[in-house]
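The values are calculated or read from the model by the stated rules, or taken from the named source; none is laboratory data. In this text, all values refer to a predicted model and were calculated from it rather than measured experimentally. FYI the Cβ positions are ideal-geometry reconstructions off the backbone, even for glycines, and counts take in every protein chain you see. These area figures cover heavy atoms from the full protein model, side chains too; ligands, DNA and RNA do not enter into them. Shrake-Rupley method; radii C 1.70, N 1.55, O 1.52, S 1.80 Å.
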Amino acid sequence: MNCKIIFFDVDGTLINYEDGSIVKSTKTALQLLKNKGVRLVAATGRPLSMCQELIALGIDTFITANGAYVKHQDQVIHKIPLAKKIVQTVKDFAHENKQSLTFFTEQLSMNGVHNPTTLNAMKETLSLIDYPTINEDIVNQEVYLMCLYVDELMEKQYTLQFPNLKFDRWHPNIVNVLQEDVSKSIAVKAVLNYFQLNSHEAIAFGDGDNDMDMLELVGYGIAMANGSEALKNSADFVTKKSTEGGIDYALRKLQLI
């Protein structure tokens, strides 16, 4: 397989979904890929500030905020900021209705509405054990993504209130609030164009429904055994769980390391 670049989802893929650690075999596999000249890209729902431990693994290109902000080293190569007026109006509506709302710049902050369902969803998707900080000046900053923590019933109220916005559910309790389309696959295309590579030269690993478009875009898509059933059904290969060295296992099966 002529693989020149690999895209890795983070939580539940690179990072152990049970305790937030990175298994030793994954660290070794990434170093072996790096030594072979394969480009390594993290593609995550996290903001950039929560990716620092991955830099030590040799990753220097980051698709963050589910594809809304992409950076290679110090170079921003793709971003889709939200209009400040949209940030303000959604923020006000969420506050009135007492719903949690997070804001993605290079950092992560929120509106300060706390509840156990929100924190549990943050733990599942971002490996957080506490709520992000409140940024009082968020409306005056460049926000690339907002995540709304609501069920499907409450989501309908937002779609009625904001008919010109897109509400993209990727978790039972989380909806992306978008002004225009944002996805990992759109960001992957931007990265491939930046490095002048083709999709058939790329592999991607993931575990969630928000990884599906990314796995379908690249030449070979690999789902973790701990991933969603929909993702596993659409993948080219299902490897072991992230807790069982699934990345190392798949790379050896493909004879890439």
- Task: Filter region 33-65 for residues that are in a loop (DSSP other than H, G, I, E, B), of a type outside the set (A, V, I, L, M) and touching a residue at least 60 places away in the same chain (Cβ under 8 Å) and give the result.
- Result: Lys36, Gly45, Arg46, Pro47
- Of the residues that make up region 195-203, is at least one within 18 Å of the chain's Cα centre (by Cα), open to solvent by less than 10 Å² (accessible area, probe 1.4 Å) and at pLDDT 95 or above? yes
- Message: For the structure I just gave you, tell me whether Pro81 is surrounded by fewer than 21 Cβ atoms within 10 Å (Cβ to Cβ) and under 20 Å from Ile63 (Cβ atoms).
- Response: yes
- When residues of region 137-152 are limited to those that are acidic (Asp, Glu) and closer than 20 Å to Asn97 by Cβ, the one least open to solvent (accessible area, probe 1.4 Å): Asp151
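Looking at Asp209, Asp236, Asp248 in this structure, which one is more than 28 Å from Val90 (Cβ to Cβ), touching a helix residue (DSSP H, G or I) at 6+ places or on another chain (Cβ under 8 Å) and open to solvent by 50 Å² or more (accessible area, probe 1.4 Å)? Outline the logic, then answer.
Numbers: Asp209 fails: more than 28 Å from Val90 (Cβ to Cβ); Asp248 fails: open to solvent by 50 Å² or more (accessible area, probe 1.4 Å).
Sole residue among the options that is more than 28 Å from Val90 (Cβ to Cβ), touching a helix residue (DSSP H, G or I) at 6+ places or on another chain (Cβ under 8 Å) and open to solvent by 50 Å² or more (accessible area, probe 1.4 Å): Asp236.
Select from region 212-233 the residues that are of a type in the set (A, V, I, L, M) and surrounded by fewer than 18 Cβ atoms within 10 Å (Cβ to Cβ) and list them in ascending order.
Ala225, Ala230
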- May I ask you to verify whether Lys189 is among the basic types (Lys, Arg), open to solvent by 80 Å² or more (accessible area, probe 1.4 Å) and either farther than 20 Å from Thr117 by Cβ or touching a residue at least 40 places away in the same chain (Cβ under 8 Å) (or both)? yes
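Residues are listed down the side, and each one gets a yes or a no for (1) under 21 Å from Lys79 (Cα atoms); (2) in contact with a Phe, Trp or Tyr (Cβ under 6 Å, 6 or more places away or on another chain); (3) open to solvent by 60 Å² or more (accessible area, probe 1.4 Å):
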residue	(1), (2), (3)
Met1	no, no, yes
Lys4	no, no, yes
Asp11	no, no, no
Ile15	no, no, no
Gly20	no, no, no
Lys36	no, no, yes
Cys51	yes, yes, no
Leu54	yes, no, no
Phe62	yes, no, no
